[in-house]
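Data first, discussion second: the structure below is written as structure tokens.
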Amino acid sequence: MRMFDDPGFTAAPYNHFLERLEAQDRPVVAALHGMVLGGGLELALACHFRVARHGTSLGLPEVKLGLIPGSLGTQRLPRLVGGEFALDLCSSGRMITAALANEKGLVDSLADGAPRTFGLAAAQALLAAGKPLRRTSALDVVPAAVEVINKAEAAAFKKPGWPQLAAIVRCARAAQDLTYDEGKAVEAAEFAGLVHSPSSKALRHLFFAEREAVKIPGLPRDIEIRPVKKVGIVGAGTMGAGIAINFLNAGIGTVVVETDGDALQRGLEMIRKTLEANIAKSRISPEKVAERLQLVRGALNYSALADCDLVIEAVFENLALKQQVCSELGRVAKPGAIIATNTSTLDVDFLAAATGRPADVIGMHFFSPANIMRLLEVVRGAATSPEVLATVIKLAATIGKVPVVSGVCYGFIGNRMAEVYMRETEFLILEGAEPVQIDAAVESLGFAMGPCRMLDMAGIDVGAKTVIEYDKAGGLPPDASYRSLVRKLFTLGRHGVKVRAGYYKYEGRTPVADPEVGAIAESLAAQHGITRRKEVSREEITERLLFPLINEGFKILEEGIAFRAGDIDVVWVAGFGFPDFKGGPMWWAEAVGLEFIAERMAHYAATLGNAHGYWTPAKLLSQRASSTAGLSVGRRDHQVFVG
Ligand code: NAI
């Protein structure tokens, strides 16, 4: 896939080869097994017969990379499976089983055994039958209904950052309305328009960044992985219940421990209801849900954790409580068991010390809802053993998560960067901007949700308590106005969506601007001597929210908290709704221009005052801004575990 980065790349030579293959006068059989994706499937489409081994997965995932299938896939696929199913496969990029592919006509037969053997057998059968060769490009398309195409077009319109969706619809139209040769030309033009586009480059960057993120510099390849057959979870609240579901879905026995019977019942109910909700959505059968529920057990005593291979604590975000829980876990967990904390912000090294066996301790920071969000920040403590780190990275894949390794610091990668983002959100509101204006500015860039809606959903209480704990630990700047709004909203009981009041008021789950929040902001501004303005521009909002966030990313790189800029991008896209077609904050920063970002930081330092170093650029940002090297040189390659 790296070949797409070549500015002179064109699909023409490969497509020419596929045409010649299809034009052969002797049977060409594709014997398929494993994963048959993208260009590999397009090769199979050019053959005269396709036979797949049971268990083969097939798909055209190009859409996820900002592309369309550009090697005649958009034109050949509808000729085999019909316009509607082809449009579905191209637009979703999803993989299908060999059985479904066979049912839909994408593969001609299914087989078992060695591909060479069943492939040759299929070729011999074709020769023996003596029938004319079936060339895909010569077949007629069973067209998709107009409504189906219109619906796909409307969906594409709603995702302007993904121009490949509209391109796929245009190719689908061409496949059914034009001749094969005309359709081919449409596909070629669409592909050429996308392959060098910023959105495709950004999506491809993320694709590689996710794969790179699991590589830990200095970790020996043959490192011993500890078996994880049974997992314990302490605290069955929002996170604990969600975390448990991940393991149940992976078929791993799980025990959840709570303080009292009611809390335990609530947690187990939450697990049951969440799994059962998937039956209604036809994602899972009732039998499978029953099977998974058999794997979970509740307990009120820590001794139930004694035979677990991994125990994750997910109790309230309170240092003293977590310290006590970790000390207890150090005592009850069996030798060799991994002890993990799901803390969002607290010091993992401090908690590790409390267990008395810090080499076994690691942070596993799940994101809410923990059974859905793909991101897992894996926090390596100063003493975390390489085996523990390697085991957790591998386990992440087992439970379908994207792991990113972070060092220990307040908030790790994601929440540390989110802190400066929320700082500016609140200062802007005190200065006169409205939550709706701030959210709209960020959402116009493609963010899933602006900061005010995000915190209302996560819970103002959750956010405020974190700030309060950080204050207790001496982490806040000596600035009484700092995050004063979230603390005020918290004391007023405006805890967010769940109580229908936070930065917004809520009609059902719909946020509505609330003048009361304006009045609270006005009074806080007066209290802290902050001048209010009538006009705050969209440009100022996006710059003030995102440039300090990027700056914090540079500090994180500089300090070695993240291994690579790409890791930070994965965290923000998979965990915080940063638009994937912008590649994540560090990738986007290069597109915006590091020099420009540094200039604007200096501008805000001059106009707002650089209280507490809010606008001081990271050394690495300043260096990169003044060189032409960009971030790629800044990507670090630490030797964390050598030998
Ligand atoms: P929660 O309040 O929903 O659940 C905490 C649970 O822990 C409660 O059910 C409580 O009864 C139980 N608990 C308290 N002390 C206990 C003890 N000694 N032994 C056993 N159980 C005990 O809290 P939530 O939101 O699930 O958060 C838990 C942890 O996850 C916190 O560290 C939080 O920072 C972290 N986190 C939270 C996220 C969120 O969005 N809510 C996101 C990521 C991490």
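Nothing in this text is a laboratory measurement; each read-out follows from the coordinates by a stated rule. Quick caveat, the model's predicted, so the values are computed rather than measured. Cβ sites come from the backbone with ideal geometry, for glycine too, and all protein chains shown count toward neighbours.
Please give, to one decimal in nm, the separation of the simple spin-label points placed at Val512 and Thr531, each 7 Å out from Cα toward the Cβ.
The modelled label-to-label distance comes out at 3.6 nm.
HN-Hα J couplings of the stretch 215-232 from phi, Karplus 6.51/-1.76/1.60, θ = phi - 60°, integer Hz, Gly and Pro as x?
Listing the rounded values in order: 8, 9, x, x, 7, x, 4, 8, 4, 6, 9, 7, x, 10, 10, 9, 10, x Hz.
Antiparallel as a % of all DSSP beta bridges within the chain, to the nearest 5?
25
Would you work out the relative contact order for the chain, in percent, from Cα pairs under 8 angstrom that are 6 or more residues apart?
Value for the chain: 11 percent.
How big is the dipole moment of the chain about its Cα centre under a simple scheme where the beta carbon of each Lys and Arg is +1, that of each Asp and Glu is -1, and everything else is neutral? Debye, nearest 20, please.
It works out to roughly 1040 debye.
Give me the angle, in degrees from 0 to 90, between the Cα long axis of helix 261-280 and the longest principal axis of the Cα atoms of the chain, rounded to the nearest 10.
The angle comes out near 30 degrees.
How large is the dipole of the stretch 43-108 about the Cα centre if only Lys and Arg carry +1 and Asp and Glu carry -1, each at its Cβ, rounded to the nearest 20 debye?
Rounded to the nearest 20 debye, it is 120 debye.
Can you tell me the mean projection area, over all orientations, of the convex hull of the stretch 2-196's alpha carbons? Units nm², please. Please list the in-between numbers first.
Working: hull surface 42.8 nm².
Projected over every direction and averaged, the Cα hull of the stretch 2-196 covers 10.7 nm².
Could you give the dipole magnitude of the stretch 488-563 about its Cα centre, charging the beta-carbon of Lys and Arg +1 and that of Asp and Glu -1, in debye to the nearest 20? Show your work: numbers first, answer last.
On the way: 12 positive and 11 negative charges, 87 e Å.
For this selection, approximately 420 debye.
5 Å is the cut-off here: which amide hydrogens, built 1.01 Å from N in the peptide plane, fall below it relative to Thr341, excluding neighbours closer than 5 in sequence?
For Thr341, the qualifying residues are Glu313, Ile362, Gly363, Met364.
Between helix 115-129 and the chain, what is the angle of the helix's C-alpha long axis to the longest principal axis, kept within 0 to 90° and rounded to the nearest 10?
Approximately 30 degrees, to the nearest 10.
Could you work out the relative contact order of the stretch 485-592? I mean the mean sequence separation of Cα pairs under 8 Å and 6+ apart, divided by the number of residues, in percent.
13
Restricting to Cα pairs below 8 Å that are 6+ residues apart, what does the relative contact order work out to for the stretch 186-260? Please round to a whole percent. The partial results should precede the final answer.
Values: 40 pairs, mean separation 18.6, N = 75.
It rounds to 25 percent for the stretch 186-260.
Can you give the angle from 0 to 90° between the axis of helix 414-431 and the longest principal axis of the chain, with both taken from C-alpha atoms, to the nearest 10?
60
Looking at the stretch 2-196 only, what percent of DSSP beta bridges run antiparallel? Nearest 5 please. Walk me through the numbers before you get to the answer.
Details: 3 of 13 bridges.
Antiparallel bridges: around 25 percent, rounded to the nearest 5.
Do any of Lys472/Lys555; Lys230/Lys273; Lys215/Lys322; Lys498/Lys555 go past 32 Å between their Cα atoms, and which?
Table pairs above 32 Å Cα-Cα are Lys498/Lys555.
With n ≥ 4 as the cut-off for DSSP H runs, can you work out [θ] at 222 nm for the chain, using -39500 (n - 2.57) per run divided by the number of residues, rounded to the nearest 500? Spell out each step's value before the answer.
On the way: 27 runs with 329 residues, N = 643.
Calculated mean residue ellipticity at 222 nm is -16000 deg cm²/dmol.
Take the chain, compute every pairwise Cα distance, and split them into 10 Å bins from 0; I just need the percent in each bin.
3, 14, 21, 24, 20, 12, 5, 1, 0, 0
Rounded to the nearest 5, what % of the DSSP beta bridges within the stretch 230-406 are antiparallel ones? Write down the numbers at each step before the final one.
Working: 4 of 29 bridges.
Roughly 15 percent of the beta bridges in the stretch 230-406 run antiparallel, per DSSP.
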